[in-house]
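Right, I'll just put the structure down here and ask away after.
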Amino acid sequence: MKFDPASNIQDLKQFGEFGDVNPSVTDSATYTFMEATTMAETFEGKQEGCFLYSRHWNPSNKYLAEALAAMEGTESGWVTASGMGAITTTILQLCNSGDHIVSSMTTYGGTFAFLHNYLKKFNIEVSFVDITNIESVKSAVRPNTRLIYTESMTNPLLQISDIPSLAKIADDNNIKLVVDNTFTPMIIAPAKLGAHIVVSSLTKFINGKNDCVAGAICADKEFIDSIIDVNTGSAMILGPILDSFRSSAILKNLHTLHLRMKQHSYNAMLLAKKFRELNLKVIYPGLNNHPQHELFKKLMIQEYGFGGMIAVDFGTAEKAGKLMNRMQMEGVGYLAVSLGYFKTLFSNSGRSTSSEVPEEIQKDMGLSEGLVRLSIGLDNDIERTYEMILRCMKELKIV
Ligand code: PLP
C-alpha cells in the first residue's frame with residue numbers, strides 16, 4: 001500500500017479530556033501517582049501510559065511526537081525545544097569518546113559547527129564527505145564509525161541524499177544512518193527509504209508560522225526509549241524539552257502541512273523554471289538539469305512536489321545583497337534567515353546560515369559567496385511575485 005504521510009496524520013484519533021477535538025494541553029511539570037509502587041515502576045520504564053515528570057514525557061508532547069512518527073512512518077518519536085536539540089541529542093546518544101562520524105560536508109551551519117567544532121571536546125572525530133559520492137562515503141567508514149549523517153535535501157546547496165544507498169552502507173557496517181528531513185517533510189520519508197533515525201527542525205515547514213523554535217526525533221521505540229532513560233538518556237539528562245503549549249500549537253499546524261507543501265512546491269517550481277529561462281544559475285531539484293533530479297523522482301512522494309527551496313548564484317555577495325534589499329522593498333518577501341514560512345524568505349547563505357563553515361570549506365563544497373537561498377512562500381499569485389522579482393533584477397541590471 002502507498003505510504004501517505006498526510007493520511008497517517010489524518011487517521012490519528014487524539015482527543016482532549018472531555019472529548020475535545022484537540023487534545024488537552026498539559027499544564028503541569030509533575031504528575032501524581034495513586035501508588036508508590038507505580039511511581040517506582042514508571043522510573044524504571046516499566047509502566048506504559050504513566051507520566052512522571054514533564055522533562056521526561058508529557059501528554060501534549062506525546063501527541064505531537066506520535067503524529068510526527070505517523071508522518072515519518074517510524075515506531076516512535078520525541079519532540080525537542082529546537083532542531084539543534086534533536087540533532088545534538090541524537091548524536092550524543094549514539095557516540096562515545098573516541099568514536100567517529102561520517103557526515104555530509106554540506107549541512108546546516110549550526111549542525112556543521114556542532115560536528116566540526118563542538119564534538120572535539122568529546123574526542124569524537126568527523127570525516128566530511130561529498131554525500132552525493134557514495135564511494136567516498138563508503139571509504140570514509142572506519143571500525144569506530146558510529147553513524148552516517150546527512151540531510152535529505154542539503155542546506156543550502158539542495159543536493160539530494162541517496163538514502164537507500166547510504167542506508168545500505170550503514171547496514172553493512174552495523175551503524176546508524178541519521179537523516180535531517182527539515183527541507184522535505186512529506187516529500188521524502190527517510191525511514192521508509194532505510195534511514196534509522198530522522199531528525200527535523202519543526203521551526204520550519206512543519207510548524208510553518210515562524211512563531212516558535214522546535215524539533216523532533218523519529219526512530220524505533222528502542223532508540224527513543226534510550227534517549228529518555230533516566231540514567232543514560234541524552235534527552236532526559238541534557239533536557240532539551242519542548243514546552244507543551246508549543247507542542248499543542250504545532251500539532252494543529254501539522255494537520256495543514258500537506259496542503260502547504262504542495263503550494264510551496266508549486267510556487268517554487270514556477271519560479272525556478274522562470275529563473276532558468278532568464279539564464280540565471282538556479283539550483284532546484286525539480287529542474288531536469290539538477291544533478292540528482294532523477295534520483296529525487298525515485299525517492300519522493302510525487303504529489304508533494306520538489307519542495308519550496310531554491311538557490312540562485314548571483315556571483316558576488318554584493319550583488320546578492322543589493323538584490324535582496326530591493327526584493328524586500330518591492331514586497332517579494334523578507335530578508336531573513338530560516339525557511340518554511342508562509343511568506344518568502346531569502347538570505348545570502350555564505351554570510352548567514354552557513355557562516356559557521358570556514359571560507360575554504362565553503363569553496364570546497366561549491367558554495368559561492370553570491371548564493372541566495374530562497375524559501376518560497378504560499379503566495380496565491382506566484383506569477384505576480386515573479387513580476388516583482390523580475391522588476392528588481394532589471395533595475396539592478398542582473399537580467
Ligand atoms: N536542520 C536544518 C536543515 C536547518 O536548516 C536548521 C535551521 O536552520 C536546523 C536543523 C536547526 O533547527 P532549529 O533552528 O530549530 O534549531
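The values are calculated or read from the model by the stated rules, or taken from the named source; none is laboratory data. The structure displayed is predicted, hence computed values, not measured ones. FYI the Cβ positions are ideal-geometry reconstructions off the backbone, even for glycines, and counts take in every protein chain you see. Please note that ligands, DNA and RNA were not included when accessible areas were found on the heavy atoms of the full protein model with its side chains. Shrake-Rupley method; radii C 1.70, N 1.55, O 1.52, S 1.80 Å.
Taking the stretch 201-214 as the region of interest, how many residues are at negative phi and open to solvent by less than 10 Å² (accessible area, probe 1.4 Å)?
Residues that pass the stated criteria total 5.
Continuing with the same structure: Is there a residue being part of a loop (DSSP other than H, G, I, E, B), open to solvent by 50 Å² or more (accessible area, probe 1.4 Å) and under 15 Å from residue 396 (Cβ atoms) anywhere in the stretch 312-332?
Within the stretch 312-332, one or more residues are part of a loop (DSSP other than H, G, I, E, B), open to solvent by 50 Å² or more (accessible area, probe 1.4 Å) and under 15 Å from residue 396 (Cβ atoms).
Could I ask something else about it? Suppose we filter 333, 340 for residues that are in contact with a helix residue (DSSP H, G or I) (Cβ under 8 Å, 6 or more places away or on another chain), within 16 Å of the ligand (Cβ to nearest atom) and within 16 Å of residue 268 (Cα to Cα); which single one remains?
Numbers: 333 fails: within 16 Å of the ligand (Cβ to nearest atom).
Being in contact with a helix residue (DSSP H, G or I) (Cβ under 8 Å, 6 or more places away or on another chain), within 16 Å of the ligand (Cβ to nearest atom) and within 16 Å of residue 268 (Cα to Cα) holds for just one of 333, 340, which is 340.
Of the residues 107, 132, which is of a type in the set (Val, Ile, Thr), modelled with pLDDT of 95 or more and away from the ligand (no atom under 16 Å from the Cβ)?
Details: 107 fails: away from the ligand (no atom under 16 Å from the Cβ).
Only one candidate qualifies: 132.
Let me ask something else about it. Residues that are closer than 28 Å to residue 41 by Cβ and of a type in the set (Asp, Glu): list the helices (runs of 4 or more DSSP H) wholly contained in the stretch 196-299 that include at least 2 such residues.
Numbers: elements: 221-227, 234-238, 244-254, 257-277, 293-299.
Qualifying helices (runs of 4 or more DSSP H): 221-227.
Does the stretch 188-197 contain at least one residue that is in contact (Cβ under 8 Å) with a residue 40 or more places away in the chain, open to solvent by less than 10 Å² (accessible area, probe 1.4 Å) and under 10 Å from the mean Cα position of the chain (by Cα)?
No, because not a single residue in the stretch 188-197 is in contact (Cβ under 8 Å) with a residue 40 or more places away in the chain, open to solvent by less than 10 Å² (accessible area, probe 1.4 Å) and under 10 Å from the mean Cα position of the chain (by Cα).
Within the stretch 333-371, take every residue that is aliphatic (A, V, I, L, M) and closer than 16 Å to residue 392 by Cβ and give me the one that is most open to solvent (accessible area, probe 1.4 Å). Show your work before the answer.
Filtering the stretch 333-371 for residues aliphatic (A, V, I, L, M) gives 335-337, 339, 345, 357, 361, 365, 367, 371.
Imposing the further condition that a residue be closer than 16 Å to residue 392 by Cβ reduces the set to 335, 345.
On the way: 335: 72, 345: 6 Å².
Taking the candidates together, the pick is 335.
What residue, of 226, 248, 200, 244, is over 22 Å from residue 52 (Cα atoms) and assigned by TED's automatic domain parsing to the domain that holds residue 65?
On the way: 226 fails: over 22 Å from residue 52 (Cα atoms); 248 fails: over 22 Å from residue 52 (Cα atoms); 244 fails: over 22 Å from residue 52 (Cα atoms).
The match here is 200.
Shifting gears a bit: What single numbered condition from (1) within 30 Å of residue 258 (Cβ to Cβ); (2) open to solvent by 40 Å² or more (accessible area, probe 1.4 Å) fails to hold for residue 128?
(1)
Further, regarding this structure: Restricting to helices (runs of 4 or more DSSP H) lying wholly in the stretch 59-172: which have 2 or more residues that are more than 23 Å from residue 339 (Cβ to Cβ)? Working first, answer last.
Details: elements: 59-72, 83-94, 109-116, 134-140, 163-172.
Per the criteria, 59-72, 83-94, 134-140, 163-172.
Considering (1) touching a helix residue (DSSP H, G or I) at 6+ places or on another chain (Cβ under 7 Å); (2) crowded, with 23+ Cβ neighbours inside 10 Å; (3) not aromatic (Phe, Trp, Tyr), say which one residue 155 fails and leave the rest.
All conditions pass for residue 155, except number (1).
Residues in the stretch 246-298 that are in contact with a helix residue (DSSP H, G or I) (Cβ under 6 Å, 6 or more places away or on another chain), crowded, with 19+ Cβ neighbours inside 10 Å and of a type in the set (Lys, Arg): how many?
0
Among the residues of the stretch 73-88, is there at least one that is out of contact with any helix residue (DSSP H, G or I) (no Cβ under 7 Å at 6 or more places or on another chain) and charged (D, E, K, R)? Working first, answer last.
Initially, the stretch 73-88 is screened for residues out of contact with any helix residue (DSSP H, G or I) (no Cβ under 7 Å at 6 or more places or on another chain), giving 81-83, 85-86.
Among the residues that remain, those that are also charged (D, E, K, R) are: none.
No, the stretch 73-88 contains no residue that is out of contact with any helix residue (DSSP H, G or I) (no Cβ under 7 Å at 6 or more places or on another chain) and charged (D, E, K, R).
Checking the conditions here, which among 220, 225 is among the acidic types (Asp, Glu), more than 16 Å from the ligand (Cβ to nearest atom), closer than 24 Å to residue 8 by Cβ and in contact with an Asp or Glu (Cβ under 6 Å, 6 or more places away or on another chain)? Before you say what the answer is, go through the steps one by one.
On the way: 225 fails: in contact with an Asp or Glu (Cβ under 6 Å, 6 or more places away or on another chain).
Residue meeting the stated conditions: 220.
Further question: Name every residue in the stretch 215-241 that is in contact with a helix residue (DSSP H, G or I) (Cβ under 6 Å, 6 or more places away or on another chain) and open to solvent by less than 20 Å² (accessible area, probe 1.4 Å), in order of residue number.
215, 216, 217, 218, 227, 228, 233, 234, 235
Going by the conditions given, is residue 167 more than 16 Å from the ligand (Cβ to nearest atom), small (Gly, Ala, Ser) and closer than 23 Å to residue 69 by Cα?
Values: more than 16 Å from the ligand (Cβ to nearest atom): yes; small (Gly, Ala, Ser): yes; closer than 23 Å to residue 69 by Cα: yes.
Against the criterion (more than 16 Å from the ligand (Cβ to nearest atom), small (Gly, Ala, Ser) and closer than 23 Å to residue 69 by Cα), residue 167 qualifies.
Taking the stretch 81-92, which residues are buried (at least 21 other Cβ atoms within 10 Å of the Cβ) and more than 10 Å from the ligand (Cβ to nearest atom)?
Within the stretch 81-92, the subset buried (at least 21 other Cβ atoms within 10 Å of the Cβ) is 83, 85-91.
Within the stretch 81-92, 89, 90, 91 qualify.
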